[in-house]
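I am attaching a structure below and will ask some questions about it afterwards.
The values are calculated or read from the model by the stated rules, or taken from the named source; none is laboratory data. On a predicted model such as this, the values are computed, not experimentally measured, just so you know. Here the Cβ positions follow ideal geometry from the backbone for every residue, glycine too, while neighbour counts run over all protein chains shown.
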Amino acid sequence: MNKDLIAIFEYLEREKGIKREIVINAIADSLRAAARKSVKGLGEKVSVEIHPKTGEIEVFTQKKIVEKVENPADEISIEEARSLEPECQVGQWLEISITPQDFGRIAAQAARQIITQKLKGAERDVIYEEYRHRAGEIISGTVKRFIRGRTIVVDLGKVEAILPERNYPKLERYNPGEKVQALLLEVRDTEMGGAEVILTRSHPEFVKQLFEQEVPELHDKTVSIERIVRDPGYRTKLAVRSYDPKVDPVGTCVGVRGTRIKNIIRELNNEKIDVVPYSDDPVQLLENLLSPAEIRKMKVHEDRIWMVVMDEDYPTVIGKKGMNARLIGQMIGKDIDVQKMSEYQKLLTIQMAELSESANEAFDDKLKIEGVSGLILESLIGAGFDTMRKFMQSTPAEISAKVPGVNYYDLAGRILDQIQKKKG
């Protein structure tokens, strides 16, 4: 019994998941190639048989039986053939056994190289078979080592996976031996002819899968995650919808006293997570994302939304380095321009003063402001602001003093919109 070979069979089956027949075929192929190179007098018809239980190897070559040998590599004389097989006849093929000891150092070396190549291919096939259909699934492993800086090699058991530096948040730190969960992103070929499993912890889908693990209602489709965006390590936003009017989608995902979402936040190393109700209306979805902050004024364009918020809400709406506004824009599919109320009011006052100096004769007509009640207009006219120009020449303080309760900035904004609408 070839104990070394049997040990190899068992190791590859147990540790690499490579079936014994695949290993046997790889060795047989290597020995055939090595035999042709190192053993003289062999033709092309070489075969190798390896017993799967004992590891015993037999190598055969086939030669044609002839009266007179002209090609020793492929032919054998009838006399020599009958010394091996008495009943053989001219024209038949005779299979001749060659023991592995006939292979020299070159044969063994060649066999070793080809076996390595074959086993790489076999291991790649095993990886593909076991992992390619698991793309998008969360899997667990152990940090084994680091390569190329902070790229992590993760031991999954039968194979090693790669967690590239760009695929996990910059704030996360790991040590060899630590357990790690990640999303299986893809299985791809390598330049060396093998395959590698690529993991990620920064993809939004990773957070989505964590929620599906914690929230049974996501599995049974009672609740669905309609949209999700993420700045890895800092903040994730997801919009959820319920298909059952009795089920609150946000409360379901958060859990009683936050039990469900706390587990996810812990796995993400305290990354902030915002869960909001989904709406097909971009403006309603925007308001949901901004709550409790309120939009004081807004204009919706094809590719962006301009809005004004109170000064105290501005830092929260914008977020650190504009991150929150950027994520909100990604959620609704438009760029977000946010302005402080104080800045908006200051700019509006300047615009009114500039317009008051215009030669536009329509500004001297009787005051008309679209969307404003007749009672307010009569109050303004009665207080002396009977034309658009006179209103523009006034200050917020003057308007408030003579017409109490009237919002100067609301009226000024309406006038500006009215003018721009006529121009457009």
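Considering only the range 46-93, state which residues are in contact with a strand residue (DSSP E or B) (Cβ under 7 Å, 6 or more places away or on another chain) and assigned to a helix (DSSP H, G or I).
Of everything in the range 46-93, those that are in contact with a strand residue (DSSP E or B) (Cβ under 7 Å, 6 or more places away or on another chain) and assigned to a helix (DSSP H, G or I) turn out to be Ile78, Ala81, Leu84.
Can you work out which of the residues in the range 149-173 that are charged (D, E, K, R) and in contact (Cβ under 8 Å) with a residue 40 or more places away in the chain is farthest from Tyr11 (Cα to Cα)? Explain how you work it out, then say what you get.
Initial filter on the range 149-173 (charged (D, E, K, R)): 150, 155, 158, 160, 165-166, 170, 172-173.
Imposing the further condition that a residue be in contact (Cβ under 8 Å) with a residue 40 or more places away in the chain reduces the set to 158, 170, 172.
On the way: Lys158: 11, Lys170: 38, Glu172: 35 Å.
The selected residue is Lys170.
Let me ask you something else. For the range 157-169, which residues satisfy the criterion of being in contact with a Gly (Cβ under 8 Å, 6 or more places away or on another chain) and at pLDDT 90 or above?
Hits for the range 157-169 are Ala161, Glu165, Pro169.
Here's a check for you: in the range 188-201, which residue that is at pLDDT 90 or above and among the hydrophobic types (A, V, I, L, M, F, W, C) is surrounded by the fewest Cβ atoms within 10 Å (Cβ to Cβ)?
Quick first cut of the range 188-201, residues at pLDDT 90 or above only: 197-201.
After this cut, where a residue has to be among the hydrophobic types (A, V, I, L, M, F, W, C) as well, the list is 197-199.
Working: Val197: 26, Ile198: 17, Leu199: 25.
For the range 188-201, the residue satisfying everything is Ile198.
Within the range 343-366, can you find the residues that are surrounded by 15 or more Cβ atoms within 10 Å (Cβ to Cβ) and in contact with a strand residue (DSSP E or B) (Cβ under 6 Å, 6 or more places away or on another chain)?
Scanning the range 343-366 gives a single hit, Tyr344.
Moving on to the next point. Please pick out the residue among Glu287, Glu271, Glu294, Glu312 that is within 29 Å of Ile139 (Cβ to Cβ) and of a type in the set (Asp, Glu). Talk me through it step by step, then tell me what you get.
Numbers: Glu287 fails: within 29 Å of Ile139 (Cβ to Cβ); Glu294 fails: within 29 Å of Ile139 (Cβ to Cβ); Glu312 fails: within 29 Å of Ile139 (Cβ to Cβ).
Being within 29 Å of Ile139 (Cβ to Cβ) and of a type in the set (Asp, Glu) holds for just one of Glu287, Glu271, Glu294, Glu312, which is Glu271.
Taking interchain pairs and intrachain pairs at least six residues apart, which have beta carbon atoms under 7 angstrom, with the first residue in the range 268-283 and touching a residue at least 24 places away in the same chain (Cβ under 8 Å) and the second among the aromatic types (Phe, Trp, Tyr) and crowded, with 17+ Cβ neighbours inside 10 Å?
From the range 268-283, the pairs are Glu271/Tyr234; Lys272/Tyr234.
Checking the condition in contact (Cβ under 8 Å) with a residue 60 or more places away in the chain and either surrounded by 13 or more Cβ atoms within 10 Å (Cβ to Cβ) or of a type in the set (Phe, Trp, Tyr) (or both), which residue from Ile415, Ile381 passes?
Values: Ile381 fails: in contact (Cβ under 8 Å) with a residue 60 or more places away in the chain.
Matching residue, one of Ile415, Ile381: Ile415.
For the range 269-289, how many residues are in contact with a helix residue (DSSP H, G or I) (Cβ under 8 Å, 6 or more places away or on another chain) and either assigned by TED's automatic domain parsing to the domain that holds Leu171 or over 18 Å from Ile225 (Cα atoms) (or both)?
Residues in the range 269-289 being in contact with a helix residue (DSSP H, G or I) (Cβ under 8 Å, 6 or more places away or on another chain) and either assigned by TED's automatic domain parsing to the domain that holds Leu171 or over 18 Å from Ile225 (Cα atoms) (or both): 1 in total.
Working carefully through the options Gly136, Gly177, find the one that is of a type in the set (Gly, Ala, Ser), surrounded by 14 or more Cβ atoms within 10 Å (Cβ to Cβ) and modelled with pLDDT of 85 or more. Lay out the reasoning, then the answer.
Values: Gly177 fails: surrounded by 14 or more Cβ atoms within 10 Å (Cβ to Cβ).
Checking each option against the conditions leaves just Gly136.
Something else about it: Given the options Glu217, Glu226, Glu212, name the one that is without any contact (Cβ under 8 Å) to a residue 60 or more places away in the chain and touching a His at 6+ places or on another chain (Cβ under 9 Å). Write out each step before concluding.
Values: Glu217 fails: touching a His at 6+ places or on another chain (Cβ under 9 Å); Glu226 fails: touching a His at 6+ places or on another chain (Cβ under 9 Å).
Going through Glu217, Glu226, Glu212 in turn, the sole match is Glu212.
Looking at the range 224-275, which of its residues are surrounded by 16 or more Cβ atoms within 10 Å (Cβ to Cβ) and more than 22 Å from the chain's Cα centre (by Cα)?
Selection gives Ser242, Pro249, Val250, Thr252, Val254, Arg260.
Can you confirm whether the range 388-397 contains a residue that is on the phi < 0 side of the Ramachandran plot and touching a Lys or Arg at 6+ places or on another chain (Cβ under 9 Å)?
The initial filter retains those residues of the range 388-397 that are on the phi < 0 side of the Ramachandran plot, namely 388-397.
Now restrict to residues that are touching a Lys or Arg at 6+ places or on another chain (Cβ under 9 Å): 388, 394.
Taking every residue of the range 388-397 in turn, at least one turns out to be on the phi < 0 side of the Ramachandran plot and touching a Lys or Arg at 6+ places or on another chain (Cβ under 9 Å).
Could you please find all residues in the range 404-424 being more than 17 Å from Asp364 (Cα to Cα), among the polar types (S, T, N, Q) and assigned to a helix (DSSP H, G or I)?
Of everything in the range 404-424, just one residue is more than 17 Å from Asp364 (Cα to Cα), among the polar types (S, T, N, Q) and assigned to a helix (DSSP H, G or I), namely Gln420.
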